[in-house]
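In what follows, a structure is listed as structure tokens, so that the remarks can point back to it.
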Amino acid sequence: MSVMLELPSSLRAATLLAQVRARRPRVHCLMNTVVQKFTADGITVVGGIPSMTSSFEEIGSFVAKADALVVNLGTLDAARREVIRLAVGVANAAGKPWILDPVHCDYSPSRLAFARELTGLGPAIVRGNTAEMALFEEAGSAVRICTGPVDRLADGGRSVRIANGHRWMAAVTGTGCLTGGVIAAFMAVEPDKLIAAASALVVTGVSAELAAREAKGPGSFGVAFLDSLSEVGADELLLHARIEDDRN
Ligand SMILES: Nc1ncnc2c1ncn2[C@@H]1O[C@H](COP(=O)(O)OP(=O)(O)OP(=O)(O)O)[C@@H](O)[C@H]1O
Ligand SMILES: Cc1ncsc1CCO
Ligand SMILES: [Mg+2]
């Protein structure tokens with residue numbers, strides 16, 4: 001007998017967004033040094049509470065207090081690798097969900113090997129762009145997300161596409177990293193990781209479309225995107241969400 005797995009919907013995205021805003025989940029980010037502020041702002045305006053330290057002495061306490069963890073490999077060095085291993089160990093021991101963003105794993109064999117090591121430690125989600133995810137055809141039990149003009153999400157039983165977003169997202173550095181933070185906030189309130197991630201991507205994608213109407217180009221778009229993320233609600237999500245079943 002096959003089990004009917006839930007598929008994402010605009011209504012579910014709106015409900016989860018309201019839950020994030022009501023519950024204010026804590027999201028700890030081991031975020032690259034390029035887009036720390038943009039990512040923290042994205043988590044804050046959507047309704048979560050970000051923390052960003054990467055100190056070896058403190059990371060255990062911060063992860064223990066967080067509801068979800070983001071592991072982003074954008075700016076990686078030996079110290080950061082050790083902090084990531086410690087953070088993942090604490091998250092796993094406490095049953096807290098974490099998302100891996102294997103930024104630029106396509107640029108460096110040693111980074112790819114580290115990203116593969118982390119994938120073996122059981123992230124809830126692995127998300128990257130097309131070039132990165134081409135190296136992660138296999139992501140264990142994690143939900144696999146490949147973002148781009150259309151986002152593709154898949155777990156063992158489901159495969160969906162989110163067709164929201166705007167081309168200026170690719171012209172602002174860190175929109176993908178920011179979506180990792182927003183996805184983590186949604187994972188903190190929803191145990192079904194594919195539903196959580198798809199809902200988060202609908203929220204960021206619809207917000208980007210609304211922001212593009214106000215912006216003059218990528219610079220003002222980045223600011224308008226944060227404005228839209230703080231204001232988007234059920235009406236806009238129900239009207240604009242483009243979620244497609246990708247099984248065929
Ligand atoms: N041409 C496009 N049209 C619509 N949405 C897009 C487009 N390109 C990217 N996006 C959206 O932008 C976000 C970031 O996706 P992208 O694949 O560019 O991430 P990335 O390369 O990891 O970004 P970064 O590393 O700068 O954070 C996703 O939410 C995606 O849906
Ligand atoms: C440009 C860049 N380099 C390392 S991390 C980062 C941010 C987006 O991935
Ligand atoms: Mg990226």
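Bear in mind these aren't lab numbers, they're just calculated from the coordinates by the rules spelled out. Bear in mind the structure is a predicted one, so any value in this text is a computation, not a measurement. Neighbour counts are summed over all protein chains in view; Cβ atoms, including those assigned to glycine, are modelled from backbone coordinates with ideal geometry.
Some points to look at:
- Computed from point charges on the beta carbon alone (+1 for Lys and Arg, -1 for Asp and Glu), the dipole magnitude for region 10-245 about its Cα centre is near 160 Debye.
- Pairs of lysine residues in the chain - Cα separation under 23 Å, sequence separation of 8 or more or cross-chain: 5
- Each Lys and Arg contributes +1 and each Asp and Glu -1, all at the Cβ; summed about the Cα centre of region 186-239, the dipole is approximately 200 debye.
- Computed over region 156-206, relative contact order equals 46 percent, with contacts defined as Cα pairs under 8 Å that lie 6+ residues apart.
- Environment charge at ILE183 (Cβ cut-off 13 Å; Lys +1, Arg +1, Asp -1, Glu -1): -2
- Calculated log₁₀ intensity ratio I(q)/I(0) where the Debye formula runs over C-alpha points of the chain, q = 0.07, 0.14, 0.15 Å⁻¹: -0.20, -0.85, -0.98
- GNM result for the chain, Cα springs below 10 Å: residue of SER108, SER228, SER220 fluctuating most strongly: SER108
- The length gained on full extension between THR75 and ALA234, counted as 0.36 nm times the residue separation minus their Cα-Cα distance, comes to 53.6 nm.
- Stretchable slack from SER220 to ARG24, in nm (0.36 nm times residue separation minus alpha-carbon distance): 67.8 nm
- A simple count of charges around GLU214, restricted to other residues whose Cβ falls under 14 Å of its Cβ and scoring Lys, Arg +1 and Asp, Glu -1, yields -2.
- Comparing ALA134, ALA197, ALA234 in a Gaussian network model of the chain (Cα springs below 10 Å), the most mobile by mean-square fluctuation is ALA134.
- Neighbour net charge for PHE56 - beta-carbon separation under 14 angstrom, K R +1, D E -1: -1
- Unit charges at the beta carbon, dipole of the chain: most positive-side option, LEU118, ALA22, MET52: MET52
- Taking label positions 7 Å along the Cα-Cβ direction at both GLU244 and PHE56, the computed distance is 4.9 nm, reported to one decimal.
- Projecting the Cα positions of THR130, ALA234, PHE186 onto the charge dipole of the chain (unit charges on Cβ atoms of Lys, Arg, Asp and Glu, taken about the Cα centre) puts PHE186 furthest along the positive direction.
- Rounded Å value of the spacing that divides the Cα centres of region 48-126 and region 1-33: 20
- For the pair ARG85 and ALA163, the difference between a 0.36 nm per residue extended length and the Cα-Cα distance amounts to 24.7 nm.
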